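Chemist: Okay, handing you the structure first.
The values are calculated or read from the model by the stated rules, or taken from the named source; none is laboratory data. Remember, predicted model here, so these are calculated numbers, not experimental data. Don't worry about glycine lacking a Cβ; one is built from the backbone with ideal geometry, like all the others, and counts go over all protein chains shown. Side chains included, ligands, DNA and RNA excluded: accessible areas come from the protein's heavy atoms. Shrake-Rupley method; radii C 1.70, N 1.55, O 1.52, S 1.80 Å.
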Amino acid sequence: MKDVDLNKISADDWDEMTFPRPDECDFDRVVEAALSRRGFLSGLLAFGSGAAVMGAGLVPGQAAAKEGGRFAFTPIGIQTDNTIHVPEGYEWDVLVRWGDPLFSDAPAFDHATGGDAASADRVFGENTDGMESFVVDGREVIAVNHEYTNRDVNLPHADKGVPTGAEDVEKLQKLQGVAVMEVTRGEGGWQVVQDSPYNRRITHLTPMDIAGPAAGHDLMKTEADPTGTRALGTLNNCGSGRTPWGTYLTCEENFNGYFGSTEEAQDQKPVQLDAGYARYGIGTDGWGYDYHKWDARFDVSKNPHEPHRAGWVVEIDPAKPDSTPVKHTGLGRFKHENAEVVLAPDGRVVVYMGDDERGEFLYRFVSNGSYTPGGPTEGLLDDGTLYVAKFHEDGTGEWLALTPETTGMDSLAEVLIFARKAGSAVGATTMDRPEWIAANPHAVEAYCCLTNNKNRGVKPNAGGDETPVNGPNPRETNKYGQIVRWRPADDDHAADTFEWDLYVMAGNPEVYDNVYGGSENVTAGNMFNSPDGMAFDSAGLVWIQTDGDDSNEGEFEGMGNNQMLVGDPVSGEIARFLTGPKGSEVTGLTWSADRRTMFVGIQHPDAPFPDGEGKLPRSSIVAVWRKDGAPVG
Ligand code: FEO
Ligand code: CA
Ligand code: CA
């Protein structure tokens, strides 16, 4: 492990190095090449009578209908260069990039060092991800995540970016988390309003409250917080969500990588704590952040409960810059992607959430209380029931409640803290890495990107659950990913059963003439891999962002750089709208209040985007608009 450059491997691969899975499962493996592409589709991808309502999105032939479709642009081709491309008639510009001052007391960005620790929480953080826009007192405010740091870029003096002291750690801790910032469109285009009273940075050091059934439980208590109700920092903020009452939800994903142990003896390995360390990938070494060597809070040999205080969904009020963020334990602890909030017909709050790791689960929370506009919101993200999805092969599925009774676990607090264990206990369906979930505003249905899973049909998940191919995860060693969608019974997101189908299976029809060629709405002209970010626009079109293999070679030839596409839920049609710079992931999407601008996140470009040769690559949010000023979603 010591020879591995931790800057270059994925979170899942790192987890599997720390806690190796068995090489083989007992279950029968599927010989996927025996299945023809068309035969596979006609046999599996039917939404039954739903086709009449939702559109037979995958019926051969329909997807080819580009002319007269609902897209207001001519799709673009792939790109392999270092900049952004959008269709003819559209333009883009940078709104903000890593290191840009949010406050005038911060220095301008320093391309030699990436900035210093003192000002790291006064600037736009690194690696933009999920974001949502709000109108507060007539001003436009964007809340946006800073998922992680490229340590080798941020700590140029350090070998492979591994911190050399407490100041290095402080810089990294301050560059991640969340930014809240006012934006406005002036003569020079969209810009951040420096020193706006709404501007705020929330980091790995910011005090936050812990609410819900696990708050105050012994497993949440630490020496510094004997109440178990007050944590510091929000970690690895990936996807986002928004509540009907105007708050921002930031979702903690690969939080495990920040923890390690200064106790090196193998027999002291913290997995002995039976605290779910192995299931959550919490090891002794850390993922190169080395926080544990310089900040004892992250040293599990000293603070074994601290990791329990991460892996949650956190609520932030963008209208109240002095408010304390709240970790909502009712929503469960896992590697959260995003949190898609919808209301059931009776006003109960339903939150859909994915756990992004190979073979982990899809979750849903349903509140006990109901939301009424302007009414109290206390408890609506904590008092309720957490469920996990079980998909059946016949196109139906059900939500299984996670309670002490259904799981055999000792308390609701433990069910929530170790939600993965609870999901395994009830037999949840192992998924191909659930990323973003998005609900269609024009139909009672939700979509989830299942980004890829090379372990499908090969290895069990971290809990030892076998991962044979199954309905919504139908391909062994799934390199390309798919999008599953479901319609709840009775048009009620709080209903306990649903019907599902696959909206799209990504693939490469130029390379494969079988299931790896993708579903019928994937063509040589729109192909992509690893769907990740996703959001519906006001017209009911679904925007899909990718975080995949951009080598443009071999099985990925013809796919080019990561990209953003838009799909029609009814026709199944998918068209490429934007391509990102080489090495980047396109992630995070929101709109201006007048819907005439979309804001798109560009994360971890490895080329010198956007400042050009000789400059550091900088994760950025870009604004995209139509030249004729018409709405863009
Ligand atoms: Fe941070 Fe699963 O993406
Ligand atoms: Ca993601
Ligand atoms: Ca991803």
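Chemist: If only one of Asp532, Asp537 is of a type in the set (D, E, K, R) and crowded, with 24+ Cβ neighbours inside 10 Å, which one is it?
Modeler: Result: Asp532 is the single residue among Asp532, Asp537 that is of a type in the set (D, E, K, R) and crowded, with 24+ Cβ neighbours inside 10 Å.
Chemist: Conditions first: (1) part of a loop (DSSP other than H, G, I, E, B); (2) open to solvent by less than 50 Å² (accessible area, probe 1.4 Å); (3) among the charged types (D, E, K, R). Glu263 passes all but one, so which condition is the exception?
Modeler: Among (1) part of a loop (DSSP other than H, G, I, E, B); (2) open to solvent by less than 50 Å² (accessible area, probe 1.4 Å); (3) among the charged types (D, E, K, R), the lone unmet condition for Glu263 is (2).
Chemist: Looking only at the range 551-565, filter to residues that are open to solvent by less than 30 Å² (accessible area, probe 1.4 Å) and over 18 Å from the mean Cα position of the chain (by Cα); which one of those is nearest to Glu182 (Cα to Cα)?
Modeler: Asn561
Chemist: Looking at the range 566-586 only, could you name the residues that are surrounded by 23 or more Cβ atoms within 10 Å (Cβ to Cβ) and closer than 19 Å to Lys479 by Cα?
Modeler: Residues satisfying the conditions are Ser584, Glu585, Val586.
Chemist: Among the residues of the range 368-386, are any under 17 Å from His493 (Cα atoms) and in contact with a His (Cβ under 6 Å, 6 or more places away or on another chain)?
Modeler: yes
Chemist: OK, next. What tally of residues in the range 495-507 results from selecting those that are small (Gly, Ala, Ser) and open to solvent by less than 10 Å² (accessible area, probe 1.4 Å)?
Modeler: Summing the residues that are small (Gly, Ala, Ser) and open to solvent by less than 10 Å² (accessible area, probe 1.4 Å) in the range 495-507 gives 2.
Chemist: Here is a further query. Report every pair of residues separated by at least 6 positions or lying on different chains whose Cβ atoms are under 6 Å apart, first residue within the range 230-247 and under 22 Å from Phe134 (Cα atoms), second open to solvent by 10 Å² or more (accessible area, probe 1.4 Å) and within 16 Å of ligand 3 (Cβ to nearest atom).
Modeler: Note: pairs meeting the criteria are Asn237/Glu147; Cys238/Glu147; Gly239/Trp436.
Chemist: Further, regarding this structure: Are any residues in the range 538-591 of a type in the set (Ser, Thr, Tyr) and more than 16 Å from ligand 1 (Cβ to nearest atom), and if so, which ones?
Modeler: Those that are of a type in the set (Ser, Thr, Tyr) and more than 16 Å from ligand 1 (Cβ to nearest atom): Ser538, Ser551, Ser571, Thr579, Thr590.
Chemist: Right, another one. Which count do you get for residues in the range 599-613 that are in contact (Cβ under 8 Å) with a residue 40 or more places away in the chain and either touching a Pro at 6+ places or on another chain (Cβ under 7 Å) or more than 15 Å from ligand 2 (Cβ to nearest atom) (or both)?
Modeler: 8
Chemist: Could you tell me how many of the residues in the range 502-543 are part of a strand (DSSP E or B), under 18 Å from Asn473 (Cα atoms) and within 16 Å of ligand 2 (Cβ to nearest atom)?
Modeler: Of the residues in the range 502-543, 2 are part of a strand (DSSP E or B), under 18 Å from Asn473 (Cα atoms) and within 16 Å of ligand 2 (Cβ to nearest atom).
Chemist: Looking only at residues that are open to solvent by 10 Å² or more (accessible area, probe 1.4 Å) and of a type in the set (A, V, I, L, M) in the range 332-365, which one is farthest from Ala11 (Cα to Cα)?
Modeler: Filtering the range 332-365 for residues that are open to solvent by 10 Å² or more (accessible area, probe 1.4 Å) and of a type in the set (A, V, I, L, M), the one farthest from Ala11 (Cα to Cα) comes out as Leu343.
Chemist: Mind checking which residues of the range 89-108 are open to solvent by less than 40 Å² (accessible area, probe 1.4 Å) and in a loop (DSSP other than H, G, I, E, B)?
Modeler: Correct list: Gly89, Trp98, Gly99, Asp100, Leu102, Phe103, Ala106.
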